[in-house]
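**Student:** Sharing a structure here in structure tokens format.
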Amino acid sequence: AKAEGSSTFNFFAPEIEAALQVRRKLEADLRRGIELEQFELYFQPLVSLSTRRVVSGEALIRWHHPERGMISPGEFIPLAEETGLINALGEWALRRALGQARDWPSGVRVSVNLSPVQFREPGLPELIKRVLEETGFPSNRLDLEITESVLLQNNITNLDALHRLRALGLRIALDDFGTGYSSLSYLQRFPFDKLKIDQSFVRDLESRPESVAIIQSITNLARNLKMATTAEGVETLAQVDIVTAAGCTEAQGYYFNRPMPEADFRALIGKENRE
Ligand code: C2E
Ligand code: CA
Ligand code: CA
Ligand code: CA
């Protein structure tokens, strides 16, 4: 309704109030959702570009909201991070991922995303150690994916946390590589096991020669530093061919598979393992 002569304040206030209400509702729902375990992990294959077999499954969280149906992480992870709820949610996701992946063929790893907020918790390495013990999952089949923002404060504490995680026997992948700021200095300070090349570079490979050059440079750098590379968001055969020629180790994307329920992922890798 048009409120004649109303001030800017009066015009905007109800909208802001409405937005706040939506947010408060989502936060309450999220809290309740965690208690009631309304979440599910989907898994997306990471495919070796040399053997074309599935080498890992990345756990991607989904929320079965009682009123809204399935919600993607982009909609609730940021709120979970702002409210600290990501710590409980992240612990649930880790425990669930390891519990499910324990039954996969031993050649298939599992990749779990870690929020920068979780990373800042001093007890994180201990927590991960405990979940590994409780689930009986072998740490050498776990990849933790962290983003560069974790390293933004390029300080001793963060490096120490990375070393303590690595000491558990797991591997650490740098997610969304190329989208952050001082990527190269991080690589000098901490030896990641893998770089995941952000999908923004893969998306326009066919139209922009610069992106091909960027991917080639990243893979060369990674190879020299003894790191593997995953090309993210690969959607076409042409992109597969380009990232293969550029020397990427693995690829992930809709061209191969979309993220899928664990039962489907398990069927897929089971079938491959019988071939
Ligand atoms: P991410 O870790 O970079 O995950 C890759 C995202 O790209 C996923 O979106 C995946 O579904 C999507 N994707 C994969 N292949 C393609 C493709 O070929 N084309 C396109 N357009 N997209 C593709 P999703 O599942 O919506 O997850 C979004 C983000 O949410 C993830 O980005 C990650 O940052 C976060 N996330 C998901 N699960 C968790 C979790 O358990 N914990 C934390 N902390 N973050 C999570
Ligand atoms: Ca990821
Ligand atoms: Ca990514
Ligand atoms: Ca991302």
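**Student:** In debye, nearest 20, what is the charge dipole magnitude of region 196-275 about its Cα centre with +1 on Lys and Arg Cβ and -1 on Asp and Glu Cβ, if you could check?
**Tutor:** Taking the Cα centre of region 196-275 as origin, the dipole is about 240 debye.
**Student:** Binning every alpha carbon pair distance of region 124-275 at 10 Å from zero, what are the percents per bin?
**Tutor:** With 10 Å bins starting at 0, P(r) equals 10, 34, 34, 19, 2.
**Student:** While we're here: Mind checking the full-extension length gain between ARG208 and THR244? Use 0.36 nm per residue of separation minus the Cα-Cα distance, one decimal, nm.
**Tutor:** 11.3 nm is the gain from fully extending ARG208 to THR244.
**Student:** Also, quick follow-up: Mind pulling the per residue volume of the convex hull built on the Cα atoms of the chain? Å³ is fine.
**Tutor:** 173 Å³
**Student:** Which residue, ILE34, ILE86, ILE146, tops the fluctuation ranking in a GNM of the chain built on C-alpha contacts under 10 Å?
**Tutor:** ILE34
**Student:** Based on DSSP, what percent of beta bridges with both residues in the chain are antiparallel, to the nearest 5?
**Tutor:** Antiparallel bridges make up about 40 percent of those DSSP assigns within the chain.
**Student:** On to the next question. Would you compute, for the Cα atoms of region 22-121, the largest minus smallest coordinate along each principal axis and list the three values in descending order, in whole Å?
**Tutor:** Principal axes ranked by extent give 48, 31, 23 Å for the Cα atoms.
**Student:** Rolling a 1.4 angstrom probe over the protein chains, ignoring ligands and nucleic acids, what is the accessible area of GLU82 in square angstrom, nearest 10?
**Tutor:** GLU82 has an accessible surface of roughly 120 Å² with all protein chains in place.
**Student:** Let me have the relative contact order for the chain, percent, based on Cα pairs under 8 Å that are six or more residues apart.
**Tutor:** Value for the chain: 18 percent.
**Student:** Let me ask something else about it. In deg cm²/dmol and to the nearest 500, what is the mean residue ellipticity at 222 nm of the chain if only DSSP H runs of at least 4 residues count, each as -39500 (n - 2.57), divided by the residue total?
**Tutor:** -15000 deg cm²/dmol
**Student:** If you put +1 on each Lys and Arg Cβ and -1 on each Asp and Glu Cβ, how big is the dipole of region 85-234 around its Cα centre, in Debye rounded to 20?
**Tutor:** For this selection, approximately 420 debye.
**Student:** May I have the count of lysine pairs in the chain with C-alpha atoms under 30 Å apart, counting pairs 8 or more residues apart or located on different chains?
**Tutor:** 8
**Student:** Can you tell me the accessible area per residue over region 1-138, all protein chains present, probe 1.4 angstrom, in square angstrom?
**Tutor:** Accessible area per residue: 54 Å².
**Student:** Please return the longest stretch of the chain lacking exposed loop sites, where trypsin sites (Lys or Arg not before Pro) count only if DSSP places them in a loop and at most 10 other Cβ atoms lie within 10 Å.
**Tutor:** After excluding every exposed loop site, the longest remaining stretch is 3-225.
**Student:** Given a 1.4 angstrom probe, I'd like the percentage of the accessible area of region 168-275 that is carbon and sulfur, rounded to a whole number.
**Tutor:** 50 percent
**Student:** Further question on the same structure: What residue among LEU20, LEU162, LEU127 shows peak mean-square fluctuation when the chain is described by a Gaussian network model with Cα springs under 10 Å?
**Tutor:** For the chain, modelled as a Gaussian network with Cα springs under 10 Å, the answer is LEU20.
**Student:** Under a point-charge model restricted to the Cβ atoms of Lys and Arg (+1) and Asp and Glu (-1), what is the dipole moment magnitude of the chain relative to its Cα centre, in debye to the nearest 20?
**Tutor:** 740 debye
**Student:** Now a separate question. Once you have the Cα-Cα distance between GLU27 and LEU225, take 0.36 nm times their residue separation minus that, and quote the gain in nm to one decimal.
**Tutor:** 67.0 nm
**Student:** Rank ALA213, ALA222, ALA97 by mean-square fluctuation in a GNM of the chain with C-alpha springs under 10 angstrom and give only the top-ranked residue.
**Tutor:** ALA213
**Student:** Further question: Accessible area, 1.4 Å probe, largest first: how do GLU15, GLU27 sort?
**Tutor:** GLU15, GLU27
**Student:** Let me ask something else about it. I want to check the label-to-label distance for ASP160 and MET70. Put each point 7 Å from Cα in the C-beta direction and report it in nm to one decimal.
**Tutor:** Between ASP160 and MET70, the label points sit 4.3 nm apart.
**Student:** Also, I was wondering about something else. Just how far, in whole angstrom, is region 219-275 from region 105-177 if you go by their alpha carbon centroids?
**Tutor:** Taking the Cα centre of region 219-275 as reference, the centre of region 105-177 is 21 Å away.
The values are calculated or read from the model by the stated rules, or taken from the named source; none is laboratory data. Computed from a prediction, not measured in an experiment: that's the story for all the values here. Positions of Cβ are generated from backbone atoms using ideal geometry, with glycine treated the same way; all protein chains shown enter the neighbour counts. Heads up: the accessible areas ignore ligands, DNA and RNA and are worked out on the full protein's heavy atoms, side chains in. Shrake-Rupley method; radii C 1.70, N 1.55, O 1.52, S 1.80 Å.
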